[in-house]
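Peer 1: What follows is a single structure, and I will ask about it in a moment.
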Amino acid sequence: MNLTFQDLGNTRLIVAGEPRIDAAVAIQFKDRMREIMDAGPERFILDMSAVDFLDSSGLGAVVAAMKQVGAGKTFELAELTPAVKKVFALTRMDTVFRIHPNAQAALETEPTHAP
Amino acid sequence: MRSGTLPSLQLTLPGDAMSVRFALKSVMGFLRDLTLPEGRSGAIELVLAEVLNNITEHAYGETMCGVIELRIFRMQNRLHFVVLDDGLPMPEDAPNPNIQLEPARAPSTLPEGGFGWMLISELTNGLSYARTGNRNVLEFDITIDQTVQPH
């Protein structure tokens with residue numbers, strides 16, 4: 001599972017290097033995200049620019065990551081490719097996640113805390 | 001099921017997640033030759049991923065193994081899909097999206113599953129399911145020429 005991260009100030013920028021997050025790898029994705037988000041700063045951004053395909057299992061794993069975020073911390077997304085954006089729109093998950101055009105734009109804005 | 005018409009593409013694959021990946025690759029190759037409008041082949045890939053993975057996870061599950069047969073028929077402005085498997089029957093309420101999402105839900109209450117049928121029902125037409133003997137038969141259409149029949 002190609003998931004890497006770097007810490008920039010109060011932000012942990014996680015980069016998904018996997019072209020497909022689907023049923024075949026959703027569990028590995030979820031487990032690796034849990035490790036990465038277990039500790040760390042107060043803000044997490046998942047850069048999805050390299051992900052060309054996301055199915056419902058992959059989406060479930062991204063939702064699981066968001067639900068893992070503790071009080072006072074945020075989980076945001078950056079750069080959804082067109083096919084991935086469509087999955088978020090069709091399931092209305094685009095209204096649930098804060099989605100930035102790209103990682104740079106995400107880093108330049110203030111985090112919003114979950115309701 | 002459409003008898004008497006030969007499918008434009010017919011695939012038989014083992015019912016597991018990696019085989020589904022390979023099958024989707026073959027279907028994508030087939031779709032490239034059809035030169036579909038922007039975004040259509042992505043929608044087809046997504047629907048097939050959902051349908052095929054539902055079979056591997058629920059009809060066959062961890063204890064059974066079997067094959068999946070996928071037939072794609074090219075119609076005038078749409079593709080007709082027939083998907084067959086010999087696994088467990090679908091629960092009666094399955095082909096309905098059963099999660100209602102409110103936009104401002106607290107993240108902790110969000111569902112992590114159930115998105116699959118939601119995607120399938122939004123991207124297909126004429127979804128039907130039948131149990132014929134020991135087989136599950138799922139059929140649906142996906143519009144490919146949006147100028148003729150907007151979806």
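The values are calculated or read from the model by the stated rules, or taken from the named source; none is laboratory data. Just so you know, these numbers come straight off a predicted model, no measurement behind them. Positions of Cβ are generated from backbone atoms using ideal geometry, with glycine treated the same way; all protein chains shown enter the neighbour counts.
Peer 1: Say whether the condition of being at pLDDT below 95, more than 14 Å from chain A (Cβ to nearest Cβ) and part of a loop (DSSP other than H, G, I, E, B) is met by at least one residue in region B:38-51.
Peer 2: No, the conditions are met nowhere in region B:38-51.
Peer 1: Collect the residues in region B:52-71 that are surrounded by fewer than 23 Cβ atoms within 10 Å (Cβ to Cβ), within 14 Å of another protein chain (Cβ to nearest Cβ) and of a type in the set (A, V, I, L, M), keeping them in residue-number order.
Peer 2: B:ALA59
Peer 1: Take the residues in region A:88-102 that are in contact with a strand residue (DSSP E or B) (Cβ under 6 Å, 6 or more places away or on another chain) and not basic (Lys, Arg), then tell me which one is nearest to the other protein chains (Cβ to nearest Cβ).
Peer 2: It comes out as A:PHE97.
Peer 1: So, in region A:68-115, how many residues would count as being basic (Lys, Arg) and within 22 Å of B:ILE120 (Cα to Cα)?
Peer 2: 3
Peer 1: Here's something else I'd like to know. Since A:LEU80 meets every condition but one in (1) in a helix (DSSP H, G or I); (2) touching a residue at least 24 places away in the same chain (Cβ under 8 Å); (3) closer than 19 Å to A:ASP22 by Cα, which condition does it not meet?
Peer 2: (1)
Peer 1: Could I ask something else about it? If I go through region A:24-68 residue by residue, how many of them are outside any helix (DSSP H, G or I) and either within 13 Å of chain B (Cβ to nearest Cβ) or touching a residue at least 12 places away in the same chain (Cβ under 8 Å) (or both)?
Peer 2: Summing the residues that are outside any helix (DSSP H, G or I) and either within 13 Å of chain B (Cβ to nearest Cβ) or touching a residue at least 12 places away in the same chain (Cβ under 8 Å) (or both) in region A:24-68 gives 18.
Peer 1: Restricting attention to region B:90-141, which residues are over 29 Å from B:ARG74 (Cβ atoms), of a type in the set (Gly, Ala, Ser) and modelled with pLDDT of 65 or more?
Peer 2: If the condition is that a residue be over 29 Å from B:ARG74 (Cβ atoms), of a type in the set (Gly, Ala, Ser) and modelled with pLDDT of 65 or more, then B:SER108, B:GLY113, B:GLY114 are the ones that fit.
Peer 1: While we're here: Taking the criterion of being closer than 19 Å to B:ILE120 by Cβ and crowded, with 24+ Cβ neighbours inside 10 Å, would at least one residue in region A:40-55 satisfy it?
Peer 2: Looking for residues that are closer than 19 Å to B:ILE120 by Cβ and crowded, with 24+ Cβ neighbours inside 10 Å, one finds at least one in region A:40-55, hence yes.
Peer 1: Then there is this: For the structure I just gave you, tell me whether B:LEU34 is under 17 Å from B:ASP145 (Cβ atoms) and in a loop (DSSP other than H, G, I, E, B).
Peer 2: yes
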